[in-house]
Amino acid sequence: MYRLYEFSPSGNCYKARLLLTQLEIPFERVEIDIVRGESRTPDFLKKNFNGRVPVLEIKEGQFLSESNAILYYLAEGTPFLPSSKLERAQVLQWMSFEQYNHEPNIATSRYWIQYLKKEKEYAEALVKKRELGYEALKVMERHLADRHFFVADTYSIADIALYAYTHVAEEGGFDLSDFPRIQIWLEHVKDQPHHIAITD
């Protein structure tokens, strides 16, 4: 059985948990409190030298880190990863966009505000994060103008990667009211079989 080391409120960890659930794959959850530094202990660093969650233990002593790498590994050979070469590359394109343009701004803002409780201390940095985060949301909004999902108009791990932090963006101070297509897309994702909430 897979074992998922995670910080439950994390969108990156939620990605893996959501896909495992939607694939109906049994797995064990191991909570790692990153706020208390539990991902930086010597024992955890043996699982991921980068000291971050999520980490998927595939079998005893075999670990895979980085949320999108975990998604790609689990989705191989399933409908969550398209079979065409171009569409698979497009999935990676959007997952890269999520990690470089979306997550560093939207997820980081949420973490500073909701979990570190340091909105005032990071006030200046949050201004820039919001500017860049809204730019990422605008890219998504434009792409969704004539489609329901991000790649091949079918639900894939590209959607899971982007959904994780978009659907809780308001917790980081982002207002989604000016993004109607994103709001519709969020509902489409939520309507997928075996969908689970980020908190349970």
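The values are calculated or read from the model by the stated rules, or taken from the named source; none is laboratory data. Keep in mind that what you see is a predicted model, and the values were worked out from it rather than measured. Here the Cβ positions follow ideal geometry from the backbone for every residue, glycine too, while neighbour counts run over all protein chains shown.
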- [ ] Find the residue count for segment 23-59, including only residues that are over 29 Å from PRO79 (Cβ atoms) and among the charged types (D, E, K, R).
- [x] 8
- [ ] Could you tell me whether LEU137 is more than 21 Å from TRP185 (Cβ to Cβ), in contact (Cβ under 8 Å) with a residue 40 or more places away in the chain and not aromatic (Phe, Trp, Tyr)?
- [x] no
Open item on the list: Quick check on segment 62-100: of everything there that is more than 20 Å from TYR5 (Cβ to Cβ) and small (Gly, Ala, Ser), which residue is modelled with the lowest pLDDT?
Closed with: SER83
TODO: Run LEU4 past the list (1) surrounded by fewer than 15 Cβ atoms within 10 Å (Cβ to Cβ); (2) of a type in the set (A, V, I, L, M); (3) part of a strand (DSSP E or B) and report the number of the one that doesn't hold.
DONE: (1)
TODO: Could you tell me whether segment 133-140 includes any residue that is in a loop (DSSP other than H, G, I, E, B) and either of a type in the set (Phe, Trp, Tyr) or surrounded by 13 or more Cβ atoms within 10 Å (Cβ to Cβ) (or both)?
DONE: no
Open item on the list: For segment 120-132, check the following and say yes or no: at least one residue is buried (at least 19 other Cβ atoms within 10 Å of the Cβ) and either closer than 15 Å to LEU162 by Cα or touching a strand residue (DSSP E or B) at 6+ places or on another chain (Cβ under 7 Å) (or both).
Closed with: no
- [ ] Taking the residues in segment 156-200 that are assigned to a helix (DSSP H, G or I) and β-branched (Val, Ile, Thr) as candidates, determine which candidate is surrounded by the fewest Cβ atoms within 10 Å (Cβ to Cβ).
- [x] ILE184
Task: ALA169 touching a residue at least 60 places away in the same chain (Cβ under 8 Å) and either touching a Leu at 6+ places or on another chain (Cβ under 6 Å) or closer than 15 Å to HIS102 by Cα (or both) - done: yes
- [ ] Please specify each residue of segment 172-186 satisfying the condition of being free of Cβ contacts under 8 Å to residues at least 24 places away in the same chain and closer than 20 Å to GLU119 by Cβ.
- [x] ASP175
TODO: Output the residue which, of all residues in segment 46-90 that are touching a residue at least 60 places away in the same chain (Cβ under 8 Å) and among the small types (Gly, Ala, Ser), is surrounded by the fewest Cβ atoms within 10 Å (Cβ to Cβ).
DONE: SER84
